[in-house]
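The structure appears right after this line, and notes come after that.
The values are calculated or read from the model by the stated rules, or taken from the named source; none is laboratory data. The shown structure was predicted, so the numbers you read here are calculated from the model rather than taken from an experiment. Cβ placement follows ideal geometry from the backbone for every residue including glycine, while neighbour counts extend to all protein chains displayed. These accessible areas exclude ligands, DNA and RNA; they are computed on the full protein's heavy atoms, side chains included. Shrake-Rupley method; radii C 1.70, N 1.55, O 1.52, S 1.80 Å.
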Amino acid sequence: MLIYEYKLDGNTQQYAAIDEAIRIVQFIRNKCIRKWMDGRGVTRLDLQCYCAVLAQEYSFAACLNSQARQASADRAWAAIARFYEHCRNKKPGKKGYPRFQHDSRSVEYKQTGWRIGPGGKHITFTDGCGIGCLRLVGNKKQSVETFPVKEIKRVRIVKRADGYYCQFAVQAERKLEHPPTNRALGIDVGLKSYYTDSDGKTVANPRYFRKAEQRLKRLHRQLSRKQKGSANRRRARKQLAKAYLKVSRQREDFARKTANALVSSRDFLAYEDLQIRNLVRNRHLSKAISDASWGTFLQWVKYYGSLHKIPVIAVPPQFTSQDCSACGTRVKKSLSVRTHICPACGLILDRDENAALNILYAGLTILFLMACAGTVGQTGTSEDAENASGQPAATRLSRKRKTGKRAG
Ligand SMILES: [Zn+2]
């Protein structure tokens, strides 16, 4: 699936109509959750049928396109299914019992209820919500209208702090050529630097939140001074939301670009499989960790890995920073010790680079074991096995590198 996103340009009345459509979606979703809570053994199909009942009972619900109503029921079912799955897998901690929503931000249409105008400059929503015709504002290079309408599976209107956006989910594969580079890399994500790789290169952490913090603090202060329910307060809230949106976009953009650069220049990548949720619980570091946005970054690395069809492997995080990357001796060190000094073989290396090398070797070992077990190239064994396509060149490369390090 490819997602094309445009900003929507319309008038106040049309935006109000979108808001109304979003409210209907939320209403249907919450009604479905209520039905599931009250009855035993409610299935996905029951909820789908329930949409039609709701449309008969509530005249405003009938305004929304029938497939969009079903999409809202699917949304409710997604929350229920997630809860069931967590229970089945005995997920530690909270299981995520479905809750009622009060701040929905989007409405999703399937393949009816909308029409793209000729030339792809406009979209018209044809259901009873009265959204009408909106102008699509976007990058000139992206052209969703070139796809046959049949391939556009979903159209979603999303409300953000700075306006309304339209997303098209297109059933198409992105094709990419990955010229072989014969280079393998391990990366260690950190707080001091965004990541350190096994070649000893570091990428500085942009710390967008830290930079915006002063401004955010001021906006928070301004908001708290405004009278509840006043127009001034609404304006202040909007400004604050926009400032946060900017930070999140900066993070996302940086993570995506860095990941793309990383994947397109390598044939193999290994990273540490961090339990970010556990790390964020550390009160002193949580802000810095969230600001580093490893989760987003690693997700993009995995995504580009699958796109370029190169193996990207998650390595269990045990002892990656403690062990010596040259001889394997475990050298205990606290977080504040920045240099790895090995008493056994005399290797002196930056702490993070040492960790990145360990991650690279562990990743190559996993790849090798997967190749032996014959899982490489097959799908369904694990998330990472999906991306793996077997790169013997990378393994050879690492052996050479390893001996080189030991000599130095
Ligand atoms: Zn050593």
**Prompt:** How big is the equivalent ellipsoid of the chain along its three axes, where each semi-axis is √(5λ) from the Cα gyration tensor, reported in whole Å from largest to smallest?
**Reply:** 45, 26, 23
**Item:** the chain: DSSP helices with Cα axial extent of at least 15 Å and average Kyte-Doolittle hydropathy no lower than -0.5
**Value:** 12-38, 44-57, 294-308, 351-373
**Dipole axis of the stretch 142-223 (+1 Lys, Arg; -1 Asp, Glu on Cβ), positive-most option in 152, 186, 216** = 216
**Prompt:** How far, in nm, would the chain grow between residue 91 and residue 260 when pulled straight, counting 0.36 nm per residue and subtracting the alpha carbon separation?
**Reply:** 57.6 nm
**Request:** Enter the accessible area of residue 290 (Å², nearest 10), with the probe set to 1.4 Å and all protein chains included.
**Result:** 50
**Message:** Take residue 283 and residue 135, extend 7 Å from each Cα along the Cα→Cβ direction, and tell me the distance between the two endpoints in nm.
**Reply:** 5.2
**Prompt:** Any idea how far the Cα center of the stretch 73-137 sits from the one of the stretch 279-319, in Å?
**Reply:** 27
**Prompt:** When the Debye formula is applied to the Cα atoms of the stretch 146-190, each taken as the same point scatterer, what base-10 log of I(q)/I(0) results at q = 0.17 Å⁻¹?
**Reply:** -0.75
**Prompt:** What pairs in 217/238; 159/238; 257/287 have C-alpha atoms more than 19 Å from each other?
**Reply:** 257/287
**Item:** Residue-averaged 222 nm ellipticity for the chain, from DSSP H runs of 4+ at -39500 (n - 2.57), nearest 500
**Value:** -15500 deg cm²/dmol
**Complete:** Plugging the Cβ-Cβ distance of residue 226 and residue 150 into 1/(1 + (r/R0)^6) at R0 = 41 Å yields, to the nearest 0.05, a FRET efficiency of 0.25
**Request:** Give, as a single signed number, the net charge of other residues whose beta carbon lies under 14 Å from the beta carbon of residue 107, with Lys and Arg counted +1 and Asp and Glu -1.
**Result:** +4
**Asked** Taking a ≥ b ≥ c as the square roots of the eigenvalues of the Cα gyration tensor of the stretch 7-47, is the shape rounded (a/c under 1.5), prolate (a/b larger than b/c) or oblate?
**Response** prolate
**Fill in**
Once all protein chains are kept in place, residue 370 shows an accessible area at probe 1.4 Å, nearest 10 Å², of 30
**Item:** Mean separation of Cα contacts under 8 Å (6+ apart) over length of the chain, as relative contact order %
**Value:** 15
**Request:** Could you pull out every residue, at least 5 positions away or on a different chain, whose amide H is within less than 5 Å of the one on residue 114? Hs are placed 1.01 Å off N in the peptide plane, and Pro or chain starts have none.
**Result:** 126
**Additional length obtainable on full extension of the chain from residue 239 to residue 330, 0.36 nm per residue less Cα span** = 27.6 nm
